[in-house]
Each structure stands twice: as C-alpha cells, then as structure tokens.
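Engineer: Mind looking over this structure? Questions follow.
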C-alpha cells in the first residue's frame, strides 16, 4: 500500500511538469510516424508472409 501512495505522489509531482506530457507524446510519436508511412506508401502489414520474421521484413527492406 505504501508503494501506491508513493507512486501517486510522484504522479502528482510530475503531472504539472512538461516531462509528463513529453513522455505521453513521445510514446505516440514513433507509431504515428509508422502509420503515416504505411498510409503514404499504400501498404499494409498484411503484405508480409506468415512464416517470415515480421520484424526482419519490416526493418530490412
């Protein structure tokens, strides 16, 4: 229970600072960039073979 109180107090301290919002926005930045790339290239993640390593196929074109 003490851990929850400590976590809550740290959240209250950071909620009023830019670090809280930068961490929230930073978490969405890379997925949004990839989404824009998929929309721009008119491709889909479904184009990958099922037996392929999807990470290797995605990051090594």
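Engineer: Spin-label point model (7 Å from Cα, Cβ direction): what's the residue 12 to residue 59 distance in nm?
Structural biologist: The modelled label-to-label distance comes out at 4.1 nm.
Engineer: Another question about this same structure. For the residues 21, 55, what sequence is obtained by ranking on other C-beta atoms within 10 Å, fewest first? Numbers along the way, then the final one.
Structural biologist: On the way: 21 12, 55 9.
Neighbour counts put them in this order, fewest first: 55, 21.
Engineer: Also, I was wondering about something else. What is the fewest-to-most order of 2, 24 by other Cβ atoms lying within 10 Å of their Cβ? Kindly include the intermediate steps, with their values, before the conclusion.
Structural biologist: Values: 2 6, 24 9.
Listing 2, 24 from fewest to most nearby Cβ atoms yields 2, 24.
Rule-based calculations on the coordinates, nothing more; no lab input. Everything quoted here is computed from the prediction, not taken from an experiment. Note that each Cβ is placed from the backbone with ideal geometry, even for glycine, and that neighbours are counted across all protein chains shown.
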